[in-house]
Amino acid sequence: MCGIVGLHLRSPDLHPHLGELLTEMLCEMQDRGADSAGVAVYGDPRWSPPGHVAVSFMPDPTVLTLSTGVEVDALAAVLSLDLATPVTVVDAGPTLVAHAAGSAGVEALRAAVLAAFPDALVAGFGADVAVLKGVGHPRDLAAAYGLGGAQGWQGVGHTRMATESAVNAGGCHPYAVGPDQCLVHNGSFSNHATIRRDLRARGAVFDSENDTEVGARFVADRLAAGYDVETALKELCGTFDGFYTLLVSDSRSFAVVRDAIACKPAVIAETDDWVAMASEYRALVGLPGVESARLYEPEPERIYAWTR
Amino acid sequence: MDPLRDPLRDPLRDPLRDSLRDPVVESVRHLDLAELPLRSVNALLHGREVEGLAPLAPGEDVVLTHPRGAHAVAVGLDSPRQVRIEGHVGYYAAGMNQRADVVVDGNAGVGVAENMMSGSVTVLGNASQAAGATAHGGLLVVHGDAAARCGISMKGVDIVVGGSIGHMSAFMAQAGRLVVRGGAGDALGDSIYEARLYVRGEVASLGADCVAKPMRPEHHEELGALLKAAGYEDDDPAAYTRYGSARELYHFDVDNAY
């Protein structure tokens with residue numbers, strides 16, 4: 001099954017409440033699968049302060065506990081020395097988030113992280129996004145991430161019932177394989193092995209055997225080639241077989257698409273203050289003003305996108 | 001009369017429903033799903049003993065509040081009773097209903113009134129996928145839109161949709177009637193057996209073996225009765241098109257073999 005949720009806040013008054021709203025949405029979807037859960041948060045001042053670049057990572061992805069056990073200040077000192085610029089590392093439970101001034105460059109920060117932990121799983125990177133992953137129950141993970149206190153303008157969450165690949169850190173969504181990009185998926189792709197081979201032949205490097213990662217790398221490949229999100233998702237619909245409701249985001253946009261059969265559920269709600277998407281309506285009941293929201297289900301193979 | 005229809009399952013002609021309703025009882029029980037576990041509420045509706053709650057009298061009406069999108073609200077009802085649910089419900093609301101009349105004052109999730117046998121289910125908002133799936137009897141009215149696969153494998157239910165329906169609706173429909181005041185998505189009535197479909201608006205495409213058919217006087221009469229039962233008696237049946245099975249898939253055709 002899997003449950004997916006997303007919240008795109010139009011009203012700045014709600015930015016301080018992003019984390020508490022997203023936590024409630026994510027945990028309400030726990031019945032749809034609770035073997036791992038991840039989130040992407042755009043604009044949190046702890047994880048990705050303005051003017052900074054941030055890299056989210058699991059130092060040792062084979063460690064499936066709610067804490068990395070890494071001493072973050074010592075790690076920050078090592079990364080600062082490597083980059084010759086101050087780096088802060090924030091402990092977010094099973095994931096760590098390193099950030100440095102934007103002038104350091106996200107690729108250099110990512111390289112420094114991988115120099116310190118060659119086997120690290122980079123969960124996400126960019127100027128605005130923090131991507132937190134972990135194996136376990138969404139409620140435990142949300143507490144370990146400190147998600148309730150998160151702020152920002154946009155958040156995405158996924159709670160997983162594994163079907164296509166192992167229950168491990170690499171199988172946990174979201175997949176954030178391009179700068180500030182993020183993709184979560186409810187469903188399963190059936191021709192992912194073929195497409196993975198094609199992408200590998202073109203130089204893509206994969207972190208897992210997960211089907212969704214193939215979708216994320218496909219979208220990132222098309223975005224890197226200059227496509228906009230809508231065109232990239234249209235091409236995904238034409239290339240991938242299987243079942244999917246996808247939520248794809250970057251710093252500015254938030255898009256939803258379902259496959260032609262559309263058996264994986266999705267509900268969208270919109271008010272003047274926010275746009276929200278979830279696998280089921282019950283994930284939305286805690287949102288302010290949901291009683292008067294415009295509620296609808298996305299049509300198959302139609303791309304719904306919002307930008308800020 | 002349609003030989004496929006069982007009068008005991010027909011919402012318009014079910015004598016059991018009226019005879020079993022106690023006209024003396026007029027009280028309404030309010031049950032708040034924010035306070036009571038769903039299992040307790042459903043058990044009470046099934047006539048079972050629930051600690052701390054007085055049993056429902058025969059025919060005692062019920063109002064359920066704060067469903068908050070929960071699954072399986074008011075499923076398996078089997079006695080004449082009016083149940084009103086104030087808010088949106090999740091999957092399978094009022095599934096397997098017999099004899100009860102359930103109103104959802106909100107939207108319904110996947111599979112509302114699935115496998116209904118008799119009685120009625122009315123959704124004042126929209127319904128998600130597979131509304132009325134496999135239902136054998138009763139009347140399902142969705143005043144808003146119904147999403148994909150509305151009436152999939154319907155086996156005798158009557159469904160009236162105030163708005164439009166999504167793709168692959170009435171897939172493998174076997175018996176019953178589906179009335180749509182708006183349009184229908186792709187592949188309407190794919191592999192249909194004997195259900196009758198009446199659509200007023202545009203049909204995006206017809207599924208395999210589903211064809212438009214002429215509206216004869218009995219169809220005008222049948223459609224008029226269904227529209228009236230759903231509260232749309234002002235609609236002109238002549239504005240609707242009837243669709244049904246071409247019956248080309250009933251027999252083996254060697255040209256269809258691979």
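In table form, for the structure just shown:
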{"quantity": "Relative exposure of A:CYS182, A:CYS2, judged by other C-beta atoms within 10 Å (fewest first)", "calculated": "A:CYS2, A:CYS182"}
{"quantity": "Cα-Cα over 25 Å, subset of A:LYS264/B:LYS228; A:LYS234/A:LYS264; A:LYS133/A:LYS234", "calculated": "A:LYS264/B:LYS228; A:LYS133/A:LYS234"}
{"quantity": "Prolate/oblate/rounded label for the stretch B:64-175 (Cα gyration tensor, a/c 1.5)", "calculated": "oblate"}
{"quantity": "Length added when fully stretched, B:ASP234-B:ALA57, from 0.36 nm per residue minus Cα-Cα", "calculated": "60.0 nm"}
{"quantity": "Rounded, prolate or oblate (a/c below 1.5 giving rounded, otherwise prolate when a/b exceeds b/c) for the stretch A:2-110 by Cα gyration tensor", "calculated": "oblate"}
{"quantity": "Mean separation of Cα contacts under 8 Å, 6 or more apart, over the residue count of the stretch A:49-127: relative contact order %", "calculated": "47 percent"}
{"quantity": "Sorted by Cβ density within 10 Å, fewest first, the residues B:TYR193, B:TYR92, A:TYR227, B:TYR250", "calculated": "B:TYR250, A:TYR227, B:TYR193, B:TYR92"}
{"quantity": "The stretch A:179-225: trypsin sites (Lys or Arg not before Pro) falling in loop per DSSP and having at most 16 other Cβ within 10 Å", "calculated": "A:ARG202"}
{"quantity": "Within chain A, helix-based [θ] at 222 nm, where runs of 4 or more DSSP H residues each add -39,500 (n - 2.57), nearest 500", "calculated": "-7500 deg cm²/dmol"}
{"quantity": "Acute angle (nearest 10 degrees) that the helix B:217-229 long axis makes with the longest principal axis of chain B, alpha-carbon atoms", "calculated": "30 degrees"}
{"quantity": "Residues listed by number, the stretch B:120-162, amide nitrogen under 20 Å from B:LYS213 label point at 7 Å toward C-beta", "calculated": "B:134-138, B:150-161"}
{"quantity": "Two-decimal log10 I(q)/I(0) for the stretch A:49-127, as the Debye equation yields it once each C-alpha is a single scatterer, q = 0.16, 0.19 Å⁻¹", "calculated": "-0.48, -0.69"}
{"quantity": "In Hz, Karplus ³J(HN,Hα) per residue of the stretch A:266-283 (6.51, -1.76, 1.60; θ = phi - 60°; x = Gly, Pro)", "calculated": "6, 10, 10, 10, 10, 9, 5, 9, 6, 10, 10, 9, 8, 4, 9, 4, 4, 6"}
{"quantity": "Normalised contact order of chain A, rounded percent, pairs of Cα under 8 Å and 6 or more residues apart", "calculated": "24 percent"}
{"quantity": "Convex hull of Cα atoms in chain A, direction-averaged projection (nm²)", "calculated": "13.8 nm²"}
{"quantity": "HN-Hα J in Hz across the stretch B:66-72 - Karplus 6.51, -1.76, 1.60, θ = phi - 60°, x for Gly and Pro", "calculated": "6, x, 6, x, 5, 7, 6"}
{"quantity": "Length released on extending from B:ASP255 to B:ALA34, taking residue separation times 0.36 nm less the Cα-Cα span", "calculated": "73.7 nm"}
{"quantity": "Cα centroid separation, the stretch A:177-209 to the stretch A:9-77 (Å)", "calculated": "22 Å"}
{"quantity": "Residues B:ILE85, A:ILE4, sorted so that the one with the fewest Cβ neighbours within 10 Å comes first", "calculated": "B:ILE85, A:ILE4"}
{"quantity": "Other-chain or far-sequence residues with amide H under 5 Å of B:LEU178's (modelled H)", "calculated": "B:ILE159, B:ARG196, B:LEU197, B:TYR198"}
{"quantity": "Cut-off under 5 Å, modelled amide H: who pairs with B:HIS88 long-range", "calculated": "B:ARG68, B:GLY69, B:ASN107"}
{"quantity": "Computed [θ] at 222 nm, deg cm²/dmol, chain B (DSSP H ≥ 4; -39,500 (n - 2.57); rounded to nearest 500)", "calculated": "-3000 deg cm²/dmol"}
{"quantity": "The stretch B:176-227-the stretch A:220-248 distance, computed between alpha-carbon centres (Å)", "calculated": "36 Å"}
{"quantity": "Length added when fully stretched, A:ALA201-A:ARG10, from 0.36 nm per residue minus Cα-Cα", "calculated": "64.7 nm"}
{"quantity": "By average C-beta atoms within 10 angstrom, highest first, the peptides A:112-125, A:41-54, B:208-221, B:143-156", "calculated": "B:143-156, A:41-54, A:112-125, B:208-221"}
{"quantity": "Under the Karplus curve 6.51 cos²θ - 1.76 cosθ + 1.60, θ = phi - 60°, whole-Hz ³J(HN,Hα) for the stretch A:17-24, x wherever Gly or Pro sits", "calculated": "9, 3, x, 5, 5, 5, 4, 5"}
{"quantity": "Per-residue mean of C-beta atoms belonging to partner chains within 10 Å, peptide A:295-301", "calculated": "5"}
{"quantity": "When the convex hull of its Cα atoms is projected in every direction, mean area for the stretch B:7-233 (nm²)", "calculated": "11.3 nm²"}
{"quantity": "Qualifying trypsin sites (Lys or Arg not before Pro) in the stretch B:205-258, DSSP loop, other Cβ atoms within 10 Å at most 14", "calculated": "B:ARG247"}
{"quantity": "Cα gyration tensor category, rounded, prolate or oblate, for the protein assembly as shown with a/c compared to 1.5", "calculated": "prolate"}
{"quantity": "Principal semi-axes in Å for the stretch A:190-308 [√(5λ), Cα gyration tensor, largest first]", "calculated": "29, 15, 12"}
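Every read-out reported here was derived from the displayed coordinates using simple, explicitly stated rules and does not represent laboratory data. It should be emphasised that the depicted structure is a prediction, and the values quoted were computed from it without experimental measurement. Reconstructed Cβ throughout: ideal geometry from the backbone, glycine too, with neighbour counts over all protein chains shown.
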